[in-house]
Amino acid sequence: MRALALAALLTTTTFAADNWQDKLAKQLPLLGHRNWIVVVDSAYPLQTAPGIETIYVDAAQLSVVKGVLSELAKTKHVKPPLTKPYTSVFFQLECGYWNADSEKQLREAMQK
């Protein structure tokens, strides 16, 4: 039993989702740099802060992680450096068209 938490959406909602892939595909274009997608097991505490949406997914963790990676591969506006502490998988979304080197060059140019 897994949960898929989409951070930084508009409301806090928890529901069962057989069509979580469709939900993710629809919400992913709204997520941007510094948002998170978290795939956690059932022991992960429910997050109730404003801006977090939790989707209950009755599927194996690896299947959900592969599904999230598949959807993220289709985007150009974000990319996911992947971290895996314990049994939870955190996808911190970073800008897909801007990187640390681009930022450094811009800041150097601004100082001239």
Next item on the list: Give segment 27-57 a look and list any residue that's touching a Lys or Arg at 6+ places or on another chain (Cβ under 8 Å) and loosely packed, with under 12 Cβ neighbours inside 10 Å, or say none.
Entry: Ser42
Next item on the list: Kindly indicate the residue of segment 80-110 that is farther than 15 Å from Leu28 by Cα and small (Gly, Ala, Ser) and also modelled with the lowest pLDDT among those meeting that condition.
Entry: Ser88
Next item on the list: Please give the strands (runs of 3 or more DSSP E) falling wholly within segment 1-79 in which 3 or more residues are over 20 Å from Gln92 (Cβ atoms) and either modelled with pLDDT under 80 or among the acidic types (Asp, Glu) (or both).
Entry: 14-16
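The values are calculated or read from the model by the stated rules, or taken from the named source; none is laboratory data. Just so it is clear, the model here is predicted, and its values are computed rather than measured. Note that each Cβ is placed from the backbone with ideal geometry, even for glycine, and that neighbours are counted across all protein chains shown.
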